[in-house]
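Worksheet for the structure shown next.
The values are calculated or read from the model by the stated rules, or taken from the named source; none is laboratory data. Keep in mind that what you see is a predicted model, and the values were worked out from it rather than measured. A quick note on method: Cβ atoms are made from the backbone with ideal geometry, for glycine too, and the neighbour counts reach across all protein chains shown.
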Amino acid sequence: MKLLSYDVAALLYLVAAVCFILALKGLSSPRHARRGNLIGASGGALAVVTALLSTDFHGANLPVVLVAIVLGCIIAVPWARMVKMTDLPQLVAIFNGVGGGAAAVVGIMELTEWGGATSLFATSATAFAILIGSLSFAGSMLTFAKLQGIMTGRPIVLPYAAIIMLGTMAISAALAVVTAMTGNVWWGLGLLLAGLASGVLTVLPVGGADVPIVISLLNAFTGLAVAASGFAMPNTLMLVAGTLVGASGSILTIAMANAMGRSVLGILFGALKGGSTAGSTQASDRPVRRAQPDDVAIALAYASRVVVVPGYGLAVAQAQHTCAELVTALRERGVDAVYGIHPVAGRMPGHMNVLLAEANVPYELLIEADDINAAMPSTDVVLVVGANDVVNPAARTDPSAPIYGMPIINADHAGQVFFLKRSMRPGFAGIENELLFSDKTQLLFGDAKESLGAVVAALKEV
């Protein structure tokens with residue numbers, strides 16, 4: 001029995017949709033991101049409760065739905081709470097994949113229920129949801145495996161990859177048309193398999209720093225699949241939510257690609273002609289100037305302006321609190337110490353912002369790359385903590401480099417540079433950073449948290 005009328009349910013769905021819009025608005029700023037996330041979660045909870053109370057369940061359907069919700073909470077809540085900051089991109093990939101897979105499964109179920117007796121518009125939207133949803137599911141699972149180290153993060157180019165991809169795309173398009181025309185569930189299942197194959201073939205040639213961008217693109221695909229399901233069912237809230245996810249995911253993908261100086265097509269298919277960002281993982285044996293914590297502390301203490309450039313190594317070492325302690329100590333000494341934040345530092349957009357917010361770093365100290373570059377010539381010391389590619393001058397000077405054209409933080413324009421690194425292995429792009437061998441650069445090797453702790457201790461003695 002329905003506990004909510006159609007009109008009341010429609011009103012509550014509208015409130016949930018407004019929550020989703022406000023959530024996106026909040027997530028556009030680090031200062032309001034936490035509140036935006038809570039608003040979005042509240043909207044999602046309201047949507048689920050409204051769906052339960054406005055649906056007339058038959059037989060054993062309600063217990064099955066309730067069991068599914070409980071199992072989902074049992075799996076998701078502990079997992080989300082225990083996941084490490086460095087593993088957030090993998091978590092996003094899995095959640096995104098589950099969303100796409102759900103949209104594809106719903107599409108198959110709709111075809112089964114209709115039995116071909118529905119409109120061409122509904123079957124067309126459903127075919128689209130099945131294809132894009134299954135593609136997103138398979139691609140997201142593969143990106144998870146690459147980031148998690150289950151499989152190589154380097155591009156995998158199959159023999160005759162371009163021909164295979166084109167053939168699979170043609171078959172997928174043909175199956176989508178047949179499924180839309182007939183509404184037959186067996187054609188839909190064939191389309192599901194073609195979508196899965198397309199997802200695998202799309203992500204296999206992607207590697208290196210391109211993988212997080214593909215996660216964003218697949219997230220947009222999932223949103224489009226959900227929106228298509230909303231058209232077919234019909235369900236206005238699914239349509240609104242899917243459209244929001246699809247639009248925001250597309251904008252984010254383009255922004256990330258621009259931040260790397262690459263096109264989306266180049267990211268997806270660059271490896272087919274040797275254009276991936278994944279290069280060598282071999283450590284360099286070239287000589288470098290080494291520093292001790294005391295050297296770094298003295299240089300920082302007597303500087304007027306210091307810029308800290310964080311990267312993935314900061315997240316791996318969980319050194320954000322120690323880094324914040326160092327910057328606070330410098331500012332208390334009168335040093336103008338700030339953070340230079342590159343948009344693709346880490347493994348996902350805003351990774352460094354989230355990391356430093358966890359350490360209660362004031363938002364006004366997080367300076368975007370364009371703004372920090374303007375002040376680099378007057379900066380005395382740049383402290384690079386666990387970053388590499390985002391300060392690599394090859395992006396400006398070497399047309400053969402896979403990151404050529406990517407906007408970087410111009411650390412080489414500062415007076416002195418200190419790198420905190422574990423080893424001489426290259427960054428995610430797999431190329432050497434000539435800044436490491438510059439006369440103005442010194443390296444402090446070791447775990448970032450331990451190194452920063454030693455520098456803080458030395459600073460107190462200066």
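Taking the stretch 340-397 on its own, how many of its residues are in a helix (DSSP H, G or I), farther than 23 Å from Leu443 by Cβ, out of contact with any helix residue (DSSP H, G or I) (no Cβ under 8 Å at 6 or more places or on another chain) and free of Cβ contacts under 8 Å to residues at least 60 places away in the same chain?
Residues in the stretch 340-397 being in a helix (DSSP H, G or I), farther than 23 Å from Leu443 by Cβ, out of contact with any helix residue (DSSP H, G or I) (no Cβ under 8 Å at 6 or more places or on another chain) and free of Cβ contacts under 8 Å to residues at least 60 places away in the same chain: 4 in total.
Restricting attention to the stretch 101-124, which residues are surrounded by 15 or more Cβ atoms within 10 Å (Cβ to Cβ), aliphatic (A, V, I, L, M) and farther than 19 Å from Gly223 by Cα?
Correct list: Leu111 only.
Just wondering, is there one or more residues in the stretch 180-191 that are assigned by TED's automatic domain parsing to the domain that holds Thr253 and free of Cβ contacts under 8 Å to residues at least 12 places away in the same chain?
yes
What are the residues in the stretch 25-74 that are within 16 Å of Ala9 (Cβ to Cβ), surrounded by 14 or more Cβ atoms within 10 Å (Cβ to Cβ) and among the small types (Gly, Ala, Ser), if any?
Selection gives Gly43, Gly44, Ala47, Ala51, Ser54.
Taking the residues in the stretch 127-168 that are touching a Lys or Arg at 6+ places or on another chain (Cβ under 8 Å) and part of a loop (DSSP other than H, G, I, E, B) as candidates, determine which candidate is farthest from Ile215 (Cα to Cα).
Filtering the stretch 127-168 for residues that are touching a Lys or Arg at 6+ places or on another chain (Cβ under 8 Å) and part of a loop (DSSP other than H, G, I, E, B), the one farthest from Ile215 (Cα to Cα) comes out as Thr152.
Scan the stretch 74-106 for residues that are over 25 Å from Ile132 (Cβ atoms) and at pLDDT 90 or above and report the count.
Looking only at that region, the number is 1.
I need the full set of residues from the stretch 85-126 which are free of Cβ contacts under 8 Å to residues at least 40 places away in the same chain and outside any helix (DSSP H, G or I), in order please.
Ser119
Which one is surrounded by the fewest Cβ atoms within 10 Å (Cβ to Cβ), of the residues in the stretch 311-362 that are of a type in the set (S, T, N, Q) and within 23 Å of the chain's Cα centre (by Cα)?
Asn360
Does the stretch 441-460 contain at least one residue that is without any contact (Cβ under 8 Å) to a residue 60 or more places away in the chain and either crowded, with 19+ Cβ neighbours inside 10 Å or not assigned by TED's automatic domain parsing to the domain that holds Ala387 (or both)?
No, the stretch 441-460 has no match at all.
What's the number of the only condition in (1) within 19 Å of Gly44 (Cα to Cα); (2) in a helix (DSSP H, G or I) that Ile251 fails to meet?
With respect to (1) within 19 Å of Gly44 (Cα to Cα); (2) in a helix (DSSP H, G or I), Ile251 is out only on (1).
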